[in-house]
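Q: There's a structure below that I have some questions on.
The values are calculated or read from the model by the stated rules, or taken from the named source; none is laboratory data. Because the structure is a prediction, the values reported are computed rather than measured. Cβ placement follows ideal geometry from the backbone for every residue including glycine, while neighbour counts extend to all protein chains displayed.
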Amino acid sequence: MEKVLLLFRLLFLILLVPAITGIRLDSSNKQNLDALRRLGLGNIVNLPLYSDAPLSHYDFIVAGAGSAGCTLASRLSENPKWSVLLIEAGGVENWIHQVPVLAAHLQSTASNWNYRSTPQRNACWGMQEKKCALPKGKVLGGTSSINYMIYNRGNRREYDGWAAAGNPGWSYDEVLPYFLRAENAQLRGLEHSPYHNHSGPLSVEDVRHRTQIAHSYIRAAQEAGHSRVDYNGETQLGVNYVQATTQKGRRHSAFRAYIQPIRASRKNLHIVTLARVTRVLIDNATKTAYGVEFTHQGRAYRVKARKEVILSAGAFNSPQLLMLSGIGPEDNLKAIGIPIVKALPVGRRMYDHMCHFGPTFVTNTTGQTLFSASIGPPVVTDFLLGRSDTFLSSIGGVETLTFIKVPSAKTAKGLPDIELIQVGGSLASDEGTALTQGANFKAEIYEKMYKELALQQQDHFSFLIMDFNPASVGRLWLHNRNPLEWPRIDPKYFSVPADIEHLLDGIKEALRISKMPAMQAIGTRLLDKPVPGCEGHKFASDDYWRCSIRTMSYTLHHQVATCRMGPESDPTTVVNHQLKVHGMRRLRVVDISIIPRPSTGHTNAAAIMIGEKAADMIRSEWS
Ligand SMILES: Cc1cc2nc3c(=O)[nH]c(=O)nc-3n(C[C@H](O)[C@H](O)[C@H](O)COP(=O)(O)OP(=O)(O)OC[C@H]3O[C@@H](n4cnc5c(N)ncnc54)[C@H](O)[C@@H]3O)c2cc1C
Ligand SMILES: *[C@@H]1O[C@H](CO)[C@@H](O)[C@H](O)[C@H]1NC(C)=O
Ligand SMILES: *[C@@H]1O[C@H](CO)[C@@H](O)[C@H](O)[C@H]1NC(C)=O
Ligand SMILES: *[C@@H]1O[C@H](CO)[C@@H](O)[C@H](O)[C@H]1NC(C)=O
C-alpha cells in the first residue's frame, strides 16, 4: 500500500513540476487554463468526482459547498434520519490545492470565480482598468480551498458588538464554543490554552517552514513594543508567527476537514459538483421556500426540501441567489424584471478589508525569500514524501502577523485597527505571474518595482497592511436576470478618506519596526523603487504613501454584510439572529454574507464557526 502511494506520488510529481512552470509562464487566466488542459490537468482541477444522482426530495438542501456549506452539510448529516443535498458549482480539490505555497496560483485556475470589481475611483489605480480582482473559490471547499490559510478568529468585542446590535446568541462567549468545536490545534506552547481544542475536524498548525527574516522580524516587533501573543486567545494586540489551516503542511480546507473523512460512510449526504443553483423555489402565498432549481451537465433539475433551503454560496452568490428568487431591493429587481417576493436590502451593503501591498524591504540574508526557483524538484519530492518544513508548506509566503492600534482610527480599547501581514516575498517571488495576475496588477507594477529583485534573486520581504475597520461601504447588485452572469460589485474602496489615513499609520509602524536593531542586523532597507504613477511625490513622504495606497490597493477578500444579520426592525438587515431570511419561512443564509460589520479577523474561521452554529440552531429547531 505504502509503495503504491509512493508510486502515485512520484507520478504526480512528474505532472506537478511542469504544471508549476506551465502556470508560471502563462500570462492570462485563460492561457493558464489552456496550459493546464494541455497537461491533462484541466480536468483534475475540476473533476466531477462527487456526482450523486439527485433524488426528488431531501430534508435539507445546502446551496454552495464552501467554508460554511461543507461544515453545515457535514454536521446536519450526522443525524442519520435526515437526508441532505449539498450542491456545488465547482469540482473537487486535487494535489495542487493542497500545496500551500501555490496558493496564489489557484487564482489562475477554474477553481476561482474570478470576479472583478467595477472600476474604482479612489483605489486599485495600479490594476488594469482600475478593477480590483475579487477571487472566490469555485470548488468543493469553496474559498477555503484557494485561500491563504491564515487562521484568525477575531476580537471578543467584535462579537459582543454583534450581540448588542440585536443578535442574541452571537456574543464572544457564545461563539467561542463553535470555534473550539471545529478546531484541532497542533500549536506549540498552546497545548493547555483554554482557547484551543485538539479534537475538532479542522487542523490548525504552526507553519513549519520559517525564514531567518521572520525570526528577525518577530524580535524587531518586540523591540518596537509589540508583545508575543496568541492572537486567537485572550487578546489580539501583539505579534506572532502565523497559525494556519494546514495538516502536516498541506492545506486543510473545509472540504478536507468536514466532507472527505465522512464521504464514504455518510449515505444520507448527497453531493453534486459542477452544478449551479439558479433559483430558490418559493411559494409566494405563504412565503415558504420549498426547493431549488439547478443546472448540472446541461440538464435542469428541481429538487424539493422537506425542511429547509440553506444558501451557503458566499458573500457574492448568496445575495445573487436571493435576488434571482425575488428577494432583494425593490428598485433593483423591478429594473431587471424580477417579480418581488419580499423587499429586503440584499447586497445594499458590503464591507471589506482593504490593504496596501507593501512596503517591500530588501535584506542582506541569502536564500530566505520565496522564489519560484526555490520550489525546485528536490523540494517537491520532500513535500510529496511527507516532509512539512520546506518552502512548499509556506502559506503563500505569509509568515507573521502583527495586530496594532493606530492614532487615526480611534476605536475602543483592546480592538486592533490594523494588521501588519509580513510576507517572505513580493510580486518578484513568481516573476510577475500568478500574484500579479491574481490581483489584476498592471504589468508595469512588476516591471518597474519588482523585476530587478527577481533577476537578482535578491532576498526581501513585504507587508500587507490591512485595515480592520474601514468606513467605506460598498454595494452589489444584479444587472440582468441571467443566473449565470456575475453580479455587479462596487466595493467603493477609500470612498471615505479616513480609511487611507489608517493604512498610512500602519505603513509608518511597519517602517518603524524595520529600523529596530533586529531588522538592522540583517541589513533591512526600504525598497526605493517608486510606485508607478506616484513618482511626482517625494519618495516615502505622506503624500507618496497616500498615492501608493490608492495604487497598490490589494484586498484580502473579506467581503461581508451583503445579507446582513440583525433584527427585522433594522432596515439594513436581511436575516435574523437565527440566520432566517426576514419574512420568509424555511430559508436561511449560512455564510460570511451575514456578518454585520467589517470583522476584526480573517473570515475563514468565522465562516466555519457560522456553519457550526447554524447546524446547532437547525438541530434544536427540528429535533
Ligand atoms: C485569495 C483569498 C485568500 C484568502 N485568504 C484567507 C486567509 O488566509 N484566511 C482567512 O481566514 N480567510 C481568507 N480568505 C477569506 C475566506 O477564505 C472566505 O471568507 C471564506 O472561505 C468564505 O466562506 P463562505 O462559506 O462564506 O463562502 P465560500 O467558501 O466562498 O463558499 C461558497 C461556495 O458556494 C459555491 N457557489 C456559489 N454560487 C453557487 C451556485 N449558484 N450554485 C452552487 N454553488 C455555488 C461556490 O463555488 C463556493 O464553493 C481568503 C479569500 C480569498 C479569495
Ligand atoms: C473539541 O472538539 C470536539 C469535536 O468537535 C467536541 O466534541 C468538543 O466538545 C470540543 N472541545 C471543546 C473544549 O470545545
Ligand atoms: C407575491 O405576492 C404579492 C402579494 O402578497 C404580490 O404583490 C407579488 O407580486 C407576488 N410575487 C410573485 C413573484 O408572484
Ligand atoms: C548584514 O548587515 C548588517 C548591518 O549592516 C551587518 O552587521 C551584517 O554583517 C550583514 N550580514 C551579511 C551576511 O552581510
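Q: Checking the structure you have, find out if any residue of the stretch 527-537 is surrounded by 16 or more Cβ atoms within 10 Å (Cβ to Cβ), among the acidic types (Asp, Glu) and away from ligand 3 (no atom under 16 Å from the Cβ).
A: Within the stretch 527-537 (the criterion being surrounded by 16 or more Cβ atoms within 10 Å (Cβ to Cβ), among the acidic types (Asp, Glu) and away from ligand 3 (no atom under 16 Å from the Cβ)), the answer is no, since none of the residues qualifies.
Q: Another question, then. If you scan the stretch 48-71, which residues turn out to be more than 18 Å from the chain's Cα centre (by Cα), at pLDDT 95 or above and within 14 Å of ligand 1 (Cβ to nearest atom)?
A: Selection gives Ile61, Val62, Ala63.
Q: On the given criteria, is Glu78 under 22 Å from Gly291 (Cβ atoms) and in the same structural domain as Lys307 (by TED's automatic domain parsing)?
A: Here the answer is no, as Glu78 does not meet what is asked.
Q: Take the residues of the stretch 139-193 that are out of contact with any Lys or Arg (no Cβ under 6 Å at 6 or more places or on another chain) and either of a type in the set (Phe, Trp, Tyr) or within 16 Å of ligand 4 (Cβ to nearest atom) (or both): which is nearest to Lys613 (Cα to Cα)?
A: Ranking the candidates gives Trp170 first.
Q: Related question: Need at least 2 residues that are within 16 Å of ligand 1 (Cβ to nearest atom) and aliphatic (A, V, I, L, M) per element, so show me which helices (runs of 4 or more DSSP H) inside the stretch 313-427 make the cut, counting only ones lying wholly within it.
A: It comes to 314-324.
Here is a yes/no grid of residues against (1) more than 16 Å from ligand 2 (Cβ to nearest atom); (2) touching a residue at least 12 places away in the same chain (Cβ under 8 Å); (3) within 30 Å of Thr246 (Cα to Cα); (4) within 29 Å of the chain's Cα centre (by Cα):
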site: Arg299; (1), (2), (3), (4): yes, no, no, no
site: Leu311; (1), (2), (3), (4): yes, yes, yes, yes
site: Asn317; (1), (2), (3), (4): yes, yes, yes, yes
site: Asp352; (1), (2), (3), (4): yes, yes, yes, yes
site: Asn364; (1), (2), (3), (4): yes, yes, no, no
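Q: On to the next question. For Val581, which of the numbered conditions (1) surrounded by 16 or more Cβ atoms within 10 Å (Cβ to Cβ); (2) within 30 Å of Gly358 (Cβ to Cβ); (3) in contact with a strand residue (DSSP E or B) (Cβ under 6 Å, 6 or more places away or on another chain) fails to hold?
A: (2)
Q: If you don't mind, another one. Tally the residues that are more than 27 Å from the chain's Cα centre (by Cα) and either outside any loop (DSSP other than H, G, I, E, B) or not assigned by TED's automatic domain parsing to the domain that holds Leu504 (or both), restricting the search to the stretch 515-566.
A: Qualifying residue count, the stretch 515-566: 9.
Q: Are any residues in the stretch 181-217 within 16 Å of ligand 2 (Cβ to nearest atom), part of a strand (DSSP E or B) and surrounded by fewer than 20 Cβ atoms within 10 Å (Cβ to Cβ), and if so, which ones?
A: The answer is Asn184, Gln186, His198.
Q: Same structure, new question: When the stretch 483-503 is examined, which residues are found to be more than 21 Å from the chain's Cα centre (by Cα), part of a loop (DSSP other than H, G, I, E, B) and closer than 26 Å to Ile465 by Cα?
A: Ser495, Val496, Pro497
Q: Check whether at least one residue in the stretch 507-519 is within 16 Å of ligand 4 (Cβ to nearest atom) and among the polar types (S, T, N, Q), and report yes or no.
A: So far as the stretch 507-519 goes, yes, one or more of its residues are within 16 Å of ligand 4 (Cβ to nearest atom) and among the polar types (S, T, N, Q).
Q: Return the residue satisfying two criteria in turn: it lies in the stretch 108-153 and is in a helix (DSSP H, G or I) and more than 7 Å from ligand 1 (Cβ to nearest atom), and of such residues it is farthest from the chain's Cα centre (by Cα).
A: Top of the filtered list is Glu129.
Q: Ok, one more. Looking at this structure, is His557 in contact with an Asp or Glu (Cβ under 9 Å, 6 or more places away or on another chain) and without any contact (Cβ under 8 Å) to a residue 24 or more places away in the chain?
A: Here the answer is no, as His557 does not meet what is asked.
Q: Select from the stretch 583-623 the residues that are small (Gly, Ala, Ser), within 23 Å of Arg251 (Cα to Cα) and in a helix (DSSP H, G or I) and write down the one among them that is nearest to ligand 1 (Cβ to nearest atom).
A: Ala607
Q: A further question on this structure: Hey, can you tell me all the residues within the stretch 264-297 that are within 14 Å of ligand 1 (Cβ to nearest atom), in contact with a Gly (Cβ under 8 Å, 6 or more places away or on another chain) and assigned to a loop (DSSP other than H, G, I, E, B)?
A: Thr273, Leu274
Q: On to the next question. Conditions: (1) touching a residue at least 60 places away in the same chain (Cβ under 8 Å); (2) within 14 Å of ligand 3 (Cβ to nearest atom); (3) surrounded by fewer than 21 Cβ atoms within 10 Å (Cβ to Cβ); (4) more than 26 Å from Phe255 (Cβ to Cβ). Arg279 meets all but one. Number of the miss?
A: Unmet condition: (4).
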